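Structure first, commentary second.
A short reminder: the numbers here are calculations on the coordinates, not readings from a lab. None of the values given here were measured: they were computed from a predicted structure. Note: ideal-geometry Cβ built from the backbone for every residue, glycine included; neighbour counts use all protein chains shown.
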Amino acid sequence: MIVFDKPKALTDTPFHYCPGCTHGIVHRLVAEVIDEMGIEGNTVGVAPVGCSVFAYNYFNCDVIQAPHGRAPAVATGVKRAHPDDFVFTYQGDGDLAAIGTAETVHSAARGENITIIFINNAIYGMTGGQMAPTTLPGQVTTTSPYGRKPEIQGNPVRICEMLSTLEGTAFAQRVAVDSVKNVKAAKAAIRKAFEVQKNKQGFSIVEVLSTCPTNWGLSPLKAIEWLRENMIPYYPLGVYKDKTEEAKVNE
Amino acid sequence: MGEKLLMKGNEVLGEAAIRAGCKLFFGYPITPQTELAEYLAKKMPKVGGLCLQAESEVAAINMVLGAASAGERVFTSSSSPGVSLKSEGISYIVGSDVPCVIVNVQRGGPGLGGIQPAQSDYYQATKALGHGDMHFIVLAPAYVQEIATLMGEAFDLADIYRMPVMILADGALGQMMEPVDFGEKKQREIPEKTWACNGHKNQRAHNVVNSLYISPEVLEEVVVERFKRYAEIEEKEVLFDEYMTEDADVVVVSYGITARIAKTAVKAAREKGIKAGLFRPISLWPFPKKELASLADKAKCFLSVEMNMGQMVDDIKVAIDCKKPVSHYGRTGGVIPTPDEILAKIVELNGGEN
């Protein structure tokens, strides 16, 4: 009896991610949800610019690689062309919360019936550890070598909180993949986001607090500790918007 | 012959797109092309299509990238400053080999420039609209009727060659009302979009639409392949029009709305006994090099007439291998040249008044 197998929605291409990076876990969770819902054949993914740019090599569904930050606009084009296809984007914090802020906010405002998987690791990974819009105050990066000073470099952006104020956002949840319990919760959130899309309820986003051991300069285990001690207090986990629950309460 | 309708150029851009089977438009308001989006906002819902106002030009062109990657006919429209914003997306669309149509109803520049008609985006359209080794087809209509014809052709060319096709118009043509007959379009064979990201339905391997090639050798190969397609286009898809060029001493080269003014000047020159002719490139890329070169032995000189500071001059020089002198007459910033001004230049080039 097979008790553990690779999801069918993942190709056999080996991940290029660094040891201890949590992209692999999140890819797997998305693929498991696609498998369980049986939707690989009518799903289109949109890959970002950043560490997960090669997502098109890893997912077995059709994938479009978007310009930096524009994945939600590309996803909008796909979804409006084929409203019955499932469309998801997979984006990092620089892509989604800096250069692509307008595309993110307005796709949410329009209530685009797409799902965004948002990887927040508080740093630019692919370019080698620069300050991200989600870099914490005091956090050292190659472009904030003395620690991020809000009076100079500004404050971090809390995406789930911001997007939950928009009418078009149907579902927004922040999760982490630092423990078995949280990984399970993350998968449930991703499943819920795809269900929201299936029921044509509007924009859904799952923000995943992730580690970047390489650019944080920490071992994988220390990186998980750092995430728990620093990121979760600043970016509290939880459901920020859930129109499906609101609808139940109003029944 | 079909029914003749009196329509604005901007509206014809929209109507011709719908008639070409395009049901998706993503745009952002900008003068002087806004009537196009307004026309489509009214018309698209009635034909089962979609006209979506994006939050920016940047978002609009990326929505085009998405819908085009999904295998649907799609277009966007803007005017000069807005087209600059689209340039990133256009480069990705070229690099991803997906078809779409882009309209530029030009206004004066650089910067915010002005809102009056101009042709000062010739360089941008034909040489450098986006980073990378790339070209795409650029068509310049001169008549509202020609907008109708070229718009239909643009969608076919885009699908056949898997690349963006730009309709390079100007504020005057966009705002002008003329009779138009949508008539019957010549049928072309359109290849099936087997590459589209529209869900594999568990029937085929996954499709990837992508412009990233991390290996230099592979990227080189992809670009070289694309240039083979460009060579085929330069061979097969050149469009131009001529008026009294057979015996012309002075060949006026002009495109778009300016070519119509130049034609009036050429007629006036002929009345004065000057052997003037008009050569009108319709495809600005591919530029009608051979056709222009064939006039170089007979002609004494060439005169480029444009609403800019002479952006086509170099293309003419290259086309005729600098065999004859090439001058320029133009107005810029939104000023439209008059037939008299152009005539005076033709007379001057012909050696002055007899």
Response to the item:
One finds the C-alpha centres of the range A:141-175 and the range B:197-271 to be spaced, in Å, by 44 Å
Discussion item. Just want the ordering: B:195, A:226, B:285, from fewest to most Cβ atoms lying within 10 Å of their own Cβ.
Written reply: B:195, A:226, B:285
Fill in: Cα shape, the range A:141-200, gyration tensor, a/c 1.5 rule
oblate
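With a 10 Å radius around each residue's Cβ, average the other Cβ atoms per peptide and rank B:294-307, B:226-239, highest first.
Working: B:294-307: 20.6, B:226-239: 14.7.
Per-residue Cβ counts within 10 Å, averaged per peptide and sorted highest first, yield B:294-307, B:226-239.
For the range B:4-236, calculate the relative contact order in percent as a whole number, restricting contacts to Cα pairs under 8 Å that are 6 or more residues apart.
On the way: 437 pairs, mean separation 54.0, N = 233.
Once normalised by length, the contact order is 23 percent.
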Item to complete: Would you calculate the volume per residue, in Å³, of the smallest convex hull containing every Cα atom of chain A?
Response: 132 Å³
Discussion item. Using the Karplus curve 6.51 cos²θ - 1.76 cosθ + 1.60 with θ = phi - 60°, what ³J(HN,Hα) values do you get for each residue of the range B:336-353, in whole Hz, with x for Gly and Pro?
Written reply: 9, x, 9, x, 5, 4, 5, 4, 4, 5, 4, 4, 4, 5, 7, x, x, 5
Practice prompt. Select from B:322, B:101, A:185 the residue farthest towards the positive end of the dipole of the protein assembly as shown; place +1 on Cβ of Lys and Arg, -1 on Cβ of Asp and Glu, and compute about the Cα centre.
Written response: A:185
Practice prompt. Could you please rank A:165, A:11, A:134, placing first whichever residue has the fewest other Cβ atoms within 10 Å of its Cβ?
Written response: A:165, A:11, A:134
Item to complete: Would you work out which of A:65, A:47, A:223 lies farthest towards the positive end of the dipole of the protein assembly as shown, given +1 charges on the beta-carbon of Lys and Arg and -1 on that of Asp and Glu, about the Cα centre?
Response: A:223
Worksheet, complete the sentence: Protection proxy (average C-beta count within 10 Å per residue), highest first, orders B:211-224, B:81-94 as B:81-94, B:211-224
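Taking a 18 Å limit on the Cα-Cα distance, which of the listed pairs B:272/B:298; B:46/B:185; B:267/B:345; A:79/A:198; B:4/B:263 fall beyond it? Don't jump to the answer; show the numbers that get you there.
Values: B:272/B:298 20 Å; B:46/B:185 22 Å; B:267/B:345 14 Å; A:79/A:198 12 Å; B:4/B:263 24 Å.
Violating the 18 Å limit, Cα to Cα: B:272/B:298; B:46/B:185; B:4/B:263.
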Item to complete: For the range B:241-349, give the magnitude of the charge dipole about the Cα centre (Cβ charges: +1 Lys/Arg, -1 Asp/Glu; no others), in debye to the nearest 20.
Response: 80 debye
Item to complete: For residue B:228, list the aspartates and glutamates whose Cα falls under 18 Å from its own Cα; do not include residues on the same chain fewer than 8 positions away.
Response: B:97, B:133, B:159, B:217, B:220, B:237
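Please give me the summed charge of the neighbours of residue B:256: other residues whose Cβ is under 9 Å from its Cβ, Lys and Arg +1, Asp and Glu -1. Kindly include the intermediate steps, with their values, before the conclusion.
Details: positive: B:260, B:280; negative: B:170, B:306.
Cβ neighbours under 9 Å give a net charge of 0.
Checking the a/c ratio against 1.5 first, then a/b against b/c, what shape does the Cα gyration tensor give for the range A:1-63?
Details: a/c = 2.07, a/b = 1.17, b/c = 1.78.
Judged from the Cα gyration tensor, the range A:1-63 comes out oblate (a/c at least 1.5, b/c at or above a/b).
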Worksheet item: Hey, how many Å between the Cα centroid of the range B:10-43 and the Cα centroid of the range A:32-48?
Response: 33 Å
Worksheet item: If the cut-off is 30 Å between C-alpha atoms, which lysines fall inside it for residue A:149, apart from same-chain ones fewer than 8 positions away?
Response: A:222
Discussion item. Semi-axes of the equivalent ellipsoid for the range B:4-236, please: Cα gyration tensor eigenvalues, times 5, square-rooted, ordered largest first, whole Å.
Written reply: 28, 20, 17
Worksheet item: Relative contact order for the range A:23-250 using alpha-carbon pairs under 8 Å, separation at least 6, rounded to a whole percent?
Response: 18 percent
Practice prompt. Report ³J(HN,Hα) in whole Hz for each residue of the range B:308-318, in order, from the Karplus equation J = 6.51 cos²θ - 1.76 cosθ + 1.60 where θ = phi - 60°; Gly and Pro get x.
Written response: 6, 8, x, 6, 8, 3, 5, 4, 5, 4, 5
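Hey, what did the range B:241-349 get for relative contact order, percent, Cα under 8 Å, at least 6 apart? Let's see the in-between values first.
Details: 210 pairs, mean separation 33.6, N = 109.
31 percent.
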Worksheet entry | Cα shape, the range B:56-179, gyration tensor, a/c 1.5 rule | oblate
Worksheet item: Taking +1 at the Cβ of each Lys and Arg and -1 at the Cβ of each Asp and Glu, which of A:196, A:250, A:118 sits farthest along the dipole of the range A:23-250 towards its positive end, judged by Cα position relative to the Cα centre?
Response: A:250
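Quick one: dipole size for the range B:4-236, taken about the Cα centre, charges +1 on Lys/Arg Cβ and -1 on Asp/Glu Cβ, in debye to the nearest 20.
Working: 22 positive and 28 negative charges, 131 e Å.
So the dipole magnitude of the range B:4-236 works out to roughly 620 debye.
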Fill in: the range A:111-126 - phi-based ³J(HN,Hα) in whole Hz, Karplus 6.51/-1.76/1.60, Gly and Pro as x
x, 3, 7, 10, 10, 10, 9, 10, 8, 10, 10, 6, 6, 7, x, 4
Item to complete: Compute the acute angle (0 to 90°) between the alpha-carbon long axis of helix B:57-69 and the principal axis of greatest extent of the alpha-carbon atoms of chain B; round to the nearest 10°.
Response: 60 degrees
Worksheet item: By how many degrees, between 0 and 90 and to the nearest 10, does the Cα long axis of helix B:144-161 differ from the longest principal axis of chain B?
Response: 50 degrees
Worksheet entry | Amide H within-cut-off set for residue A:47, under 5 Å, with H built and near neighbours excluded | A:64, A:65, A:66
Discussion item. Nearest 5 percent is fine: what portion of the DSSP beta bridges confined to the protein assembly as shown is antiparallel?
Written reply: 25 percent
Item to complete: Could you please report the charge total around residue B:7, scoring K, R as +1 and D, E as -1 over all other residues with beta-carbon less than 14 angstrom from its beta-carbon?
Response: -3
Worksheet item: Sequence-distant or interchain residues sharing an amide H contact under 5 Å with residue A:209, placed H: which?
Response: A:120, A:175, A:176, A:177
Practice prompt. Please list, in chain and number order, the residues 5+ apart from residue A:116 or on another chain whose amide H is under 5 Å from its amide H, with Hs placed from the backbone.
Written response: A:89, A:204, A:205, A:206
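I'd like the mean, over residues of A:41-53, of how many other protein chain beta carbons sit within 10 Å of each residue's own Cβ.
For this peptide, the per-residue mean of nearby foreign Cβ atoms is 3.
How charged is the neighbourhood of residue B:221? Take every other residue with its Cβ under 15 Å from the Cβ of residue B:221, and add Lys/Arg as +1 and Asp/Glu as -1.
Surrounding charge for residue B:221 is -2.
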Discussion item. If you restrict to DSSP beta bridges whose two residues both lie in the range A:23-250, what percentage is antiparallel, to the nearest 5?
Written reply: 20 percent
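Treating only the Cβ atoms of Lys and Arg (+1) and Asp and Glu (-1) as charged, compute the dipole magnitude of the protein assembly as shown about its Cα centre; round to the nearest 20 debye. Don't skip to the end; give the middle numbers.
Numbers: 61 positive and 71 negative charges, 134 e Å.
The dipole of the protein assembly as shown has a size of about 640 debye.
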Fill in: Under 18 Å from residue B:43, Cα to Cα: lysines that are on another chain or at least 8 residues apart
B:8, B:23
Worksheet item: How do A:126, B:177 line up, fewest other C-beta atoms within 10 Å first?
Response: B:177, A:126
